Amino acid sequence: MSSPPSPSFPAHPLARAFLAANRWVLIVLLGVMAALVIGNVFARYAFSHSFTWVEEATRYMMIWAAFIGAGPALRVGGHIAIDTLQASVPLPMARLLRVLIVAIVAATLLTLVWLGIEYVEFAWYQESPVLGWSLGKVYLALPLGAALMLVHLAMVARQWIVLGEWDRVEGFDPQAL
C-alpha cells in the first residue's frame, strides 16, 4: 500500500536558475580540476616534467568547490544530521524543532559570512607561494559559500519545516549513502 503523495512547494523559475547556475559552476570547476591533475600526471610520466603550479591551483579550486557545493548538498539533506528527535515527537513539535534548526543554521551562516569577510580582508595582501595569488581571493570562498548556502537554505526551509522533506534529485538519495 503506497502512501498518498505529499504536497510540494513548486520551485520558482529564479530558484531553478540559481540552482542550475550553482551546479554548472561546480561542474566546470571540477572538470578543470580533473583536466589539470590528469594533464600534470601525464606530463610527469610521459615527459618527466611536472607543472608546479597545478597542485596549488587545484588545491584552491577544491576549497572553492567545497564551499560552492555546500548549498546544493543542503538542498537535498546531504549534510550530516540527526533527525531522531524531530521524527519521534508530534508534528507540531517537529515543525517547531525544524524552525529552531533553520534559525540556528541561518545564524551560523551569517556569522560565517561576517567572519569570512574579516578573514578575507586580513589575508588580501598575502600571496600564495607558487602562483603569487592573493590569499584573500582564495579565502573569499568562505563568505561567498556561506552566503550561497544561506540562499539555498531560504529556498528549501519552508518545505523542510512544513513537510520534513528536502528537495529530490532523481537517482540520488543522500540518506541511502
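The values are calculated or read from the model by the stated rules, or taken from the named source; none is laboratory data. Predicted, not measured: the structure shown is a model, and the values here were computed from it. Note: ideal-geometry Cβ built from the backbone for every residue, glycine included; neighbour counts use all protein chains shown.
Criterion applied to G164, G136, G145 was being at positive phi, surrounded by 13 or more Cβ atoms within 10 Å (Cβ to Cβ) and either under 21 Å from the mean Cα position of the chain (by Cα) or at pLDDT 95 or above (or both), and the one residue passing it is G164. When V130 is tested against (1) hydrophobic (A, V, I, L, M, F, W, C); (2) surrounded by 13 or more Cβ atoms within 10 Å (Cβ to Cβ); (3) at pLDDT 95 or above; (4) farther than 20 Å from A11 by Cα, only condition (3) is not met. Is it true that M61 is farther than 22 Å from A154 by Cβ and surrounded by 14 or more Cβ atoms within 10 Å (Cβ to Cβ)? Against the criterion (farther than 22 Å from A154 by Cβ and surrounded by 14 or more Cβ atoms within 10 Å (Cβ to Cβ)), M61 qualifies. The single residue among A21, A11 that is at pLDDT below 90, out of contact with any Gly (no Cβ under 8 Å at 6 or more places or on another chain) and of a type in the set (A, V, I, L, M) turns out to be A11.
Taking region 88-136 as the range and being closer than 21 Å to E56 by Cβ and charged (D, E, K, R) as the test, only E127 passes. Of the residues making up region 17-58, those that are part of a helix (DSSP H, G or I) and loosely packed, with under 13 Cβ neighbours inside 10 Å number 17. Here is a check on your reading of the model: is A11 of a type outside the set (F, W, Y), loosely packed, with under 14 Cβ neighbours inside 10 Å and not in a helix (DSSP H, G or I)? Criteria not met by A11.
Would you point out which residue out of W166, W160 is of a type in the set (F, W, Y), closer than 25 Å to H12 by Cα and either in contact with a Gly (Cβ under 7 Å, 6 or more places away or on another chain) or outside any helix (DSSP H, G or I) (or both)?
None of the other options fit; the residue is W166.
Entry remark, region 76-95: residues being modelled with pLDDT of 90 or more and either surrounded by 14 or more Cβ atoms within 10 Å (Cβ to Cβ) or under 29 Å from L144 (Cβ atoms) (or both) number 2 in total.
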